[in-house]
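Since the structure comes first, as structure tokens, the remarks are kept for the end.
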Amino acid sequence: MISNIAEDEDKWLAEGIAGIQHNAFYMHRSLDSNNLREALKYSAQMLSELRTSRLSPHKYYELYMRAFDELRKLEIFFKDESKHGCSIIDLYELVQHAGNILPRLYLLCTVGSVYIKSKEAPAKDVLKDLVEMCRGVQHPIRGLFLRSYLSQVSRDKLPDIGSDYEGDADTVMDAVEFVLQNFTEMNKLWVRMQHQGPGRAKEKQEKERSELRDLVGKNLHVLSQIEGIDLEMYKDTVLPRVLEQVVNCKDELAQYYLMDCIIQVFPDEYHLQTLETLLGACPQLQPTVDIKTVLSQLMERLSNYAASSAEVLPDFLQVEAFAKLSSAIGKVIEAQVDMPVVGAITLYVSLLTFTLRVHPDRLDYVDQVLGACVKKLCGKPKLEDSKATKQIVALLSAPLEKYNDIVTALTLSNYPRVMDHLDNGTNKIMAMVIIQSIMKNSTCISTADKVEALFELIKGLIKDLDGFPVDELDEEDFKDEQNSVARLIHMFYNDDPEEMLKIICTVKKHIMTGGSRRLPFTVPPLIFSALRLVRRLQGQEGDVVGEEEPATPKKIFQLLNQTIEALSFVPSPELALRLYLQCAEAANDCDLEPVAYEFFTQAFILYEEEIADSKAQVTAIHLIIGTLQRMNVFGVENRDTLTHKATGYSAKLLKKPDQCRAVYACSHLFWVDDQDGIKDGERVMLCLKRALRIANAAQQMATVARGSSGPVTLFVEILNKFVAWIFTRLLPC
């Protein structure tokens, strides 16, 4: 069946070509003899072969080209009035007497071309007449080729700026109007082809229509070549008229092809300045149109345009190119509900690439793209598709490669949400890379928002991820990870106390979720970071009236107390005690006696209830004594209470030598050079004498246990203390 149809078409084409050749022969004889009427007669008969409806577009094109070649020769004859002896005006009237409309209009277009070139009439009048007369042919294929011929013979005769046909009576707008009108009519004919021949298979119809698309698209190319079309005219007239036709035709093939033509033929600058209009047409197209490809091509052109010159970059911001493209892409993905995840992510990668090339300084744009990707992935399990994972990695890598600075990701709130779709192992590796980058560049993280974003990025190191318990980690790897987090905390700083307090609160919120194994690594750097802030705020009382309580030492100490208390429950009592004493010393510097007393109280409670190891007790009591000796904030009652406690615990240590050393160390609690109220020489002497008694008892115990006296080291140490006090004139010689 198909072979028979093909054979028939070949036969019909051969017959048509033979008819053209036959009549062309007699037309040439008439031209050679300067016989105008005979030439018109045979040319009309020749053109009548184009009236056939039996050929496919491809075959019809072959027939048309044969006739076209002959018409070019006829046009040359028409130009030479000396040969045919007829004025161009009379000739223009004469050809309209041809019997059939199709030959008549081909001849009219041919003569019209000569008419315009003669300048005996305004070009706009002739063009308007021709484009209107061509309405007489409404057969899709015949009409398309007729109007294509009109476009071909008139393209170099449009009243454009700088052309020979520009004048007072002819303007660029006349040329634009002519091309637009011809384009509109050709597109209507092209769309109408889908309804031609009810027996035709749709696939065949689409193929035939696709073969003719360039006939329609050439009109847009002609428009783009008109020099007189400036941005204003394109924006106000050309693009709206073209898009109106694209939208109204409601044909999938036509809409996709014409949108692609618009993007390819018109200047990048025009696309940028009319982006809203161009993108606004996308939602109005048929749902089956592949807008995704169209948008990708548009973004690629605009990206290349931006890369061509830095001078055009402000224009992208002025027209809000990113916002418009992002909105259009979102609508495409929303409309195509069956689009695979890989396809959607790929489209966002394209948008992100555009953003990084055009707006590298606009991190908010980058974050919007990531957020849109998160929205698409929301509700879905972690990706197992390797292609989708590869696209996610590409999406996350794009900003890092562009800025060559991983800390930039801190400002991207959606970056960690995209990371959540990576497997746990890959997530932790990326977290370590982020920390190493910050340390390498000595980057200061200066706001709570950035800290929040950072901890979202590295949460795989801060707490156990679902399905990835910490017990499964290698011990050395775990320590390296947590030490990295500890070093990272020291990189958080802001000169503004309010912001610094927010940073500290943010860090506390996150590290408290780390579990007992992580807290001993992460709490100390947080405490010392907070204490640095306390010392910057010394002297502030916090009595400021406002909506929010300002950053004050009291407020920070409350936070520190809660944090260390959590550490003491881990348990890490020795570490917690050291931190309590550090806080007490800071409270002393801030002249906050109740706060300092509370920290000492907590330290003594830990000593009593949690520290059982004798060596740890010795270390702890010396830390307490040393810290208490430096305190100058306490009143007499509070100091006596704490001093009594320290002295009492010193005398209760397990080993006598430890008791002795702790007790004589307590002597420093009763005399402080720079504190007038703490100069009690009598109690200093009592401590030294008590230490001497304990040393004697230790000597006696050694004699009983070993049968010989022990070393005199303790006595020498006590003697040194006596001598030191004597030289400071505290004790009598």
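Just so you know, all these numbers are worked out from the coordinates, no wet-lab data involved. In this text, all values refer to a predicted model and were calculated from it rather than measured experimentally. Using ideal geometry, Cβ is built from the backbone for each residue, glycine included, and neighbour counts are taken over all protein chains shown.
On full extension of the chain, what length is gained from C505 through D591, given 0.36 nm per residue of separation minus the C-alpha to C-alpha distance?
Net length gain for the segment: 28.6 nm.
Which residue, M500, F266, L577, has the largest displacement toward the positive end of the dipole of the chain when charges sit on each Cβ (Lys, Arg +1; Asp, Glu -1)?
L577
Per 20 Å bin, what percent of the C-alpha pairs of the chain does each bin hold, from zero upward?
13, 27, 20, 15, 12, 8, 4, 0
What is the distance, in nm, between label points placed 7 Å from the Cα along the Cα-to-Cβ direction at N304 and at N632?
The modelled label-to-label distance comes out at 7.6 nm.
Let's see if you can work this out: charge +1 on each Lys and Arg Cβ, -1 on each Asp and Glu Cβ, no other charges. What is the dipole magnitude of the stretch 272-422 about its Cα centre, in debye to the nearest 20?
Magnitude of the dipole: close to 360 debye.
Residues of the stretch 272-295 with amide nitrogen under 14 Å from the 7 Å Cα-to-Cβ point of D338?
The answer is 287-290.
Is the shape of the stretch 568-614 rounded, prolate or oblate, going by the alpha carbon gyration tensor and its root eigenvalues a ≥ b ≥ c, with a/c under 1.5 for rounded and a/b larger than b/c for prolate?
Prolate, because a/c is 1.5 or more and a/b exceeds b/c.
Between A697 and C378, what is the FRET efficiency for a Förster distance of 60 Å, r being their Cβ-Cβ separation, to the nearest 0.05?
Calculated transfer efficiency: 0.20.
What translational diffusion coefficient, to the nearest whole µm²/s, does the stretch 504-632 have by Stokes-Einstein, given a Kirkwood radius computed over alpha-carbon pairs, a temperature of 10 °C and 1.306 mPa s viscosity?
105
Say the cut-off is 26 Å between C-alpha atoms; which of K73/K218; K119/K188; K463/K615; K41/K117; K207/K292 go over it?
Distance filter (> 26 Å) returns K119/K188; K463/K615.
Using Cα pairs closer than 8 Å and at least 6 residues apart in sequence, work out the relative contact order for the stretch 123-266, in percent.
The normalised contact order for the stretch 123-266 reaches 26 percent.
Let me know the charge dipole size of the chain about its Cα centre in debye, to the nearest 20, where only the beta-carbon of Lys, Arg (+1) and Asp, Glu (-1) is charged.
2000
Counting Lys and Arg as +1 and Asp and Glu as -1, each charge on the Cβ, what is the dipole of the stretch 123-266 about the Cα centre in debye, to the nearest 20?
About 1040 debye.
Quick one: work out Rg over Rh on the C-alpha atoms of the stretch 156-272, Rh as Kirkwood radius.
When Rh is taken as the Kirkwood radius, the ratio is 1.03.
Any idea what log10 I(q)/I(0) is at q = 0.10, 0.16, 0.25 Å⁻¹ for the stretch 415-508, Debye with uniform C-alpha scatterers and no solvent?
Rounded to two decimals, the profile gives -0.27, -0.67, -1.36.
In the chain, which longest range has no GluC sites (Glu not before Pro) that are both DSSP loop (not H, G, I, E or B) and surrounded by at most 14 other Cβ atoms within 10 Å?
Longest gap between qualifying sites, sites excluded: 549-733.
Going 7 Å from the Cα of R532 in the Cα-to-Cβ direction, what parts of the stretch 574-617 have a backbone nitrogen less than 17 Å from that spot?
583, 586
Among C590, M512, I20, whose Cα lies farthest out toward the positive end of the dipole of the chain, if unit charges sit on the beta carbon of Lys, Arg (+1) and Asp, Glu (-1)?
M512
Quickly work out the C86-to-E9 label distance, labels modelled 7 Å from Cα along the C-beta direction, and quote it in nm with one decimal.
3.7
Tell me the angle of helix 636-651 to the major Cα principal axis of the chain, expressed in degrees between 0 and 90 and rounded to the nearest ten.
Tilt relative to the chain: about 80 degrees.
Counting only C-alpha contacts under 8 Å and six or more residues apart, can you give the relative contact order of the stretch 1-121 as a whole percent?
Taking the mean separation of contacting Cα pairs over the length of the stretch 1-121, I get 25 percent.
If each of E203 and F715 carries a label point 7 Å out from its Cα toward its Cβ, how far apart are those two points in nm?
Each label point is offset 7 Å from its Cα along the Cβ direction, giving 11.4 nm.
Taking Rh as the Kirkwood radius, which is the inverse of the mean 1/r over Cα pairs, what is the Rg/Rh value for the stretch 1-103?
My calculation of the ratio gives 1.06.
Please give the FRET efficiency for T288 paired with F569, using the beta carbon to beta carbon distance and R0 = 41 Å, rounded to the nearest 0.05.
E(calc), rounded to 0.05, equals 0.05.
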